[in-house]
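The values are calculated or read from the model by the stated rules, or taken from the named source; none is laboratory data. This is a predicted model, so every value here is computed, not measured. Positions of Cβ are backbone-derived with ideal geometry, glycine not excepted, and every protein chain shown enters the neighbour counts.
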Amino acid sequence: MQDEHLGLDKRAGDSHYRAYVGPPGDYDLVAAMSFGLLTVLGLRQHHRVLDIGCGSLRVGRLLIPYLNRGGYTGIEPHAWLVEEGARSETGHEQLELKQARFVYADNADELVDAGASFHFALAQSIFSHCGPDLLDQWLAQVSRLLEPDGALIATYLPSEDDTQERGWIYPDCVSYRPATIAEHAGRHGLQALDLDWRHPRQRWVLMARPGFDIEAISGGRLSWNALFDRFRARRQTP
């Protein structure tokens with residue numbers, strides 16, 4: 001019965017709330033990997049996070065209880081995924097307690113129009129399904145939503161060639177040259193830096209606004225100890 005609940009017999013893209021967002025066996029791994037990355041990049045409880053393609057709250061189930069009330073916003077075009085995630089992973093009471101917000105759409109127009117702002121945005125396995133038109137659209141919107149010292153953390157499939165497909169490609173994947181990802185980011189005022197943070201299939205990239213301390217990440221390498229030392233140094237600064 002437990003395996004049935006976890007959907008471990010399903011394939012990625014199947015209509016099970018865990019399988020639809022990726023390989024069910026990696027559901028916990030992707031959540032921990034994403035949450036861990038955000039924290040070593042400086043995520044604190046008072047920050048506001050935008051979870052792009054939040055799906056069935058794979059990462060949201062860790063972010064929502066961690067962040068202060070109103071700190072979590074998820075964008076997801078499939079409301080049934082959020083509902084199943086709430087029912088099976090977080091409980092509706094947790095969402096209400098933490099005042100989690102959800103936008104049921106395939107774009108961030110509503111948030112841009114409302115003047116929303118975020119310290120971090122997460123796009124795990126989103127750009128790996130976006131043609132260049134959608135990639136550019138998302139970067140244009142997210143760049144407007146990030147705080148001056150904010151950053152987008154995303155994954156993509158690196159390749160020697162860029163996809164020629166357009167629109168949303170799912171469950172199939174598309175790939176990009178790292179230089180192309182950097183070019184798209186730069187077009188919208190974001191500095192791209194590939195990160196040394198393991199992913200089962202893709203590559204993590206940081207896309208930062210000018211105020212983000214990207215120089216603190218030497219060569220894209222990340223360390224909790226280094227982050228902790230920066231926190232301690234700030235506290236000791238008069």
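Of the residues making up region 198-213, just one is modelled with pLDDT under 95 and either farther than 17 Å from residue 128 by Cα or part of a helix (DSSP H, G or I) (or both), namely 213.
Checking each residue of region 13-26 against the condition of being surrounded by fewer than 20 Cβ atoms within 10 Å (Cβ to Cβ), modelled with pLDDT under 95 and of a type in the set (D, E, K, R) gives at least one match. Of all residues in region 70-98, those that are surrounded by 18 or more Cβ atoms within 10 Å (Cβ to Cβ) and within 22 Å of residue 126 (Cα to Cα) total 12. Would you please name the residue that is farthest from residue 172 (Cα to Cα), looking only at residues in region 111-143 that are assigned to a loop (DSSP other than H, G, I, E, B) and touching a strand residue (DSSP E or B) at 6+ places or on another chain (Cβ under 6 Å)? Out of the qualifying residues, it is 117. Looking at (1) touching a strand residue (DSSP E or B) at 6+ places or on another chain (Cβ under 7 Å); (2) crowded, with 20+ Cβ neighbours inside 10 Å; (3) of a type in the set (Gly, Ala, Ser), can you tell me which one residue 105 breaks? Status for residue 105: all satisfied but (2).
Considering region 22-108, the qualifying helices (runs of 4 or more DSSP H), each wholly inside and each with 3 or more residues that are in contact (Cβ under 8 Å) with a residue 60 or more places away in the chain, run over 27-40, 79-85.
Within this structure, residue 200 passes the test of being exposed (fewer than 14 other Cβ atoms within 10 Å of the Cβ), of a type outside the set (Gly, Ala, Ser) and within 25 Å of residue 27 (Cα to Cα). Residues that are more than 27 Å from residue 23 (Cα to Cα), touching a residue at least 40 places away in the same chain (Cβ under 8 Å) and not hydroxyl-bearing (Ser, Thr, Tyr) within region 118-150 comprise 118, 119, 140, 145, 146, 147, 148, 149, 150, listed in sequence order.
Scanning region 144-191 for residues that are hydrophobic (A, V, I, L, M, F, W, C), in a strand (DSSP E or B) and crowded, with 20+ Cβ neighbours inside 10 Å returns 146, 151, 152, 153, 154.
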